[in-house]
Amino acid sequence: MLWRADQGVSFGFAVQDPIISAVIVLAQPALFGVLAAVVSRRARMLFRRDPQNPQAAQFFHHWATIVLRVGTAAGFAASVFFTSWPDWFDFRKTSCFLQVVGDLITVLPFVASTIAVWIGAFPLERDIRREGLLAVTGVEETSRKDWKLSSYLDFHIRHHILIVAVPMTVIVFAFNVTDGYEEKLRSLTGWPWMPDILVGVAALAVFVAAPLMLKRIWRTHPLGTGPLRDQLHSVCDRIGLKCRDILVWNSDGMVINAAVMGIFHRVRYVLLSDGLLEAMSPREIEAVFGHEAGHVSEHHMQHFLVFAYVGSLIAGGVMEGLLRIALAAGHDSEMTLYGIQAVGAGVTVILWLWGFGWISRRFERQADLFGARCVSPPAAACHVPCSMHLGSSGELPGTGRVCATGAAVFASALDRVAVLNGIPHEERSWRHSSIATRMRFLVSLSGDPGRTRRFERLVLFIKRGILVCAVVGSVLAFFYYVYWPEPPAVVRWVPVRIQALTP
């Protein structure tokens, strides 16, 4: 899965000396560990100056950590592209079945650098979360909340490394095996794309079965019987949500959040973290649960999958078009191929950083809206002026209006999530608007039915647009391969490598 020199994609100025390559690669974890410790020390100084107002420390630490994470990724890319490190673990000549081991060894320095950054960040995150717990509950600390470094790393490794590594290892194994038997598969089936089809089938199978893996990776157990479980099952019945089980997400109190995983209801689980159950009221838990249910009911995951498919069509189409133009003009050098690959990678980055992020933030707001509607009381129990109940006998949730009481309950849950997780209220991310922005937006909808309807039309337009693009792209791709069954080159896109295959 990694770029290697024998595949014709290494750079002429890559370091070939094994000692220098080893120093470049193995020194990175220590370097990023030291930088993370310096950042954490500076952030803790800012935090101690005003522990009641940790915004400055949080913002500094947040952006410095982003820089460090980008640095670890850039360092790993430099190790792959500019050193002989990946070639040391090329086991394909021995057996394509063993190559997955070589790939895992190759990424170990990147994993070590990531863990080093977490170790540096640990003291600050512990202090900020302690302060958040004190602000919300009045409890200074308990043994459960006084996290040790070992439990902190166990959580991060499970939730940020293993969640990706386990399913990707299966896909990488399938890719290496099909790559090793590539010519045999093509000759037996007569399909030049058969290796890619098999990898795609394996990836789809892993995606479907991923919830069964993750429920064990994340250390979960079923939510016990009692009033809360009955309350959440009542919500499921009311909104028509089907899931296999409601699970408690064991994080040693480190996470105040919820999640949903699984497209099909037979392998779909709703997860509520132990910290969430301990720190929030039943009504707030219901609101957060409703948000996760909204992702399912509004089919957000399915639309994300279709977006990924559309993105691959666009990137592949751009690369194929540029390749044909270059070949027609007589430009068939390796540098031309590198340029085309760079353009394809750039298109993919733009689509995901801008397009996916923009869509994801709208979907998150729609899930917020769904969660607020889940906790909206009947008209008799709503005692604040709102566009849903004012002057009416009561409307059911989902009729285009938002109850002000439901919006206030959900906004309160968002506020508590931010404080307990040590998230600055005005901090936004790639996939989420800031907590403060989401709170303001939701409250504004409760007083402006027109804005609510405009927002819902926007989200509907986005969903239909994604589906239309998928249909049109599929039709164009079909006619492309029908009328040009033997193109001059086939550009093959895989998770980490772009390889040009010339028949």
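Worth a mention:
- Residue match in region 277-288 (condition: buried (at least 21 other Cβ atoms within 10 Å of the Cβ), under 22 Å from Ser151 (Cβ atoms) and not acidic (Asp, Glu)): yes
- Scanning region 268-284 for residues that are assigned to a helix (DSSP H, G or I) and more than 23 Å from the chain's Cα centre (by Cα) yields Leu277, Glu278, Ala279, Pro282, Arg283, Glu284.
- Within region 245-264, the set of residues being touching a Leu at 6+ places or on another chain (Cβ under 6 Å) and of a type in the set (Gly, Ala, Ser) comprises Ala258, Ala259.
- Among (1) at pLDDT 85 or above; (2) crowded, with 19+ Cβ neighbours inside 10 Å, the one test that Asp415 misses: (2)
- When we screen Gly450, Gly465 for residues that are more than 23 Å from the chain's Cα centre (by Cα), surrounded by fewer than 15 Cβ atoms within 10 Å (Cβ to Cβ) and modelled with pLDDT of 80 or more, the only hit is Gly450.
- Members of region 355-385 that are modelled with pLDDT of 90 or more and over 23 Å from Gly240 (Cβ atoms): Gly355, Phe356, Gly357, Trp358, Ile359, Ser360, Arg361
- Taking the criterion of being in contact with a helix residue (DSSP H, G or I) (Cβ under 8 Å, 6 or more places away or on another chain), charged (D, E, K, R) and in a helix (DSSP H, G or I), the residues of region 401-443 that qualify are Asp415, Arg416, Arg438.
- Given (1) over 20 Å from Phe356 (Cα atoms); (2) of a type in the set (Ser, Thr, Tyr); (3) out of contact with any strand residue (DSSP E or B) (no Cβ under 6 Å at 6 or more places or on another chain), index of the condition Tyr309 fails: (1)
- Check on Val288, over 22 Å from Gly422 (Cα atoms), in contact with a Leu (Cβ under 7 Å, 6 or more places away or on another chain), of a type outside the set (D, E, K, R) and part of a helix (DSSP H, G or I): no
- Any hit, region 318-331, residues being at pLDDT 85 or above and at negative phi: yes
The values are calculated or read from the model by the stated rules, or taken from the named source; none is laboratory data. Since this is a predicted model, take the numbers as computed values, not measurements. When we count neighbours, we look across all protein chains shown, and the Cβ atoms used for this are built from the backbone with ideal geometry, even at glycine.
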